[in-house]
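J.: Following this message is one structure expressed as structure tokens.
The values are calculated or read from the model by the stated rules, or taken from the named source; none is laboratory data. What you are looking at is a predicted structure, and each value in this text was computed from that prediction instead of being measured. Glycine gets a Cβ as well: all are built from the backbone with ideal geometry, and neighbour counts include every protein chain shown.
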């Protein structure tokens, strides 16, 4: 009986210790990729603002059921920026987006442009994942998010490059 009690106490203490250590893990995870494009940053943002370059096409293939909404301010919970104003035109050097499927928010992120040289711009595409502070397994899983979401970001940047060079 003492061994069973000792085993239960050890299991409880170990799980509490494990949970306490995972509180040190970040609750926000950012997965990012950047690429250099042979276009000026202001012309790239002008193309995106005029909707010549669709974020739907860039982030998800057009046949998917994903809905992409964009704004020039970061998204917050229950943000109605695009739901209320369909003709809103993003005008910042960072366009924030949210991708939804069947009303459920899958990912938030953004596309940022930086003019580092006179003839080219660096484009950064990033996803931001927020996990609850009390969910240790999801926080540990998000530490490996780069492997899961990195190839998707790479293919989105490749599509962006192909779209820009077609124009």
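J.: I'd like to know if segment 108-131 contains one or more residues that are surrounded by 17 or more Cβ atoms within 10 Å (Cβ to Cβ), modelled with pLDDT under 80 and under 14 Å from the mean Cα position of the chain (by Cα).
T.: no
J.: Of the numbered conditions (1) in contact with a helix residue (DSSP H, G or I) (Cβ under 8 Å, 6 or more places away or on another chain); (2) part of a helix (DSSP H, G or I); (3) within 23 Å of residue 43 (Cβ to Cβ), residue 139 fails exactly one; give the number of that condition.
T.: Condition (3) is where residue 139 drops out.
J.: Shifting gears a bit: Can you tell me which of (1) modelled with pLDDT of 85 or more; (2) closer than 25 Å to residue 164 by Cα is the one residue 93 doesn't meet?
T.: Going through (1) modelled with pLDDT of 85 or more; (2) closer than 25 Å to residue 164 by Cα one by one, residue 93 breaks only (1).
J.: Criterion first (assigned to a loop (DSSP other than H, G, I, E, B) and out of contact with any helix residue (DSSP H, G or I) (no Cβ under 8 Å at 6 or more places or on another chain)) does residue 118 satisfy it?
T.: The answer is yes for residue 118.
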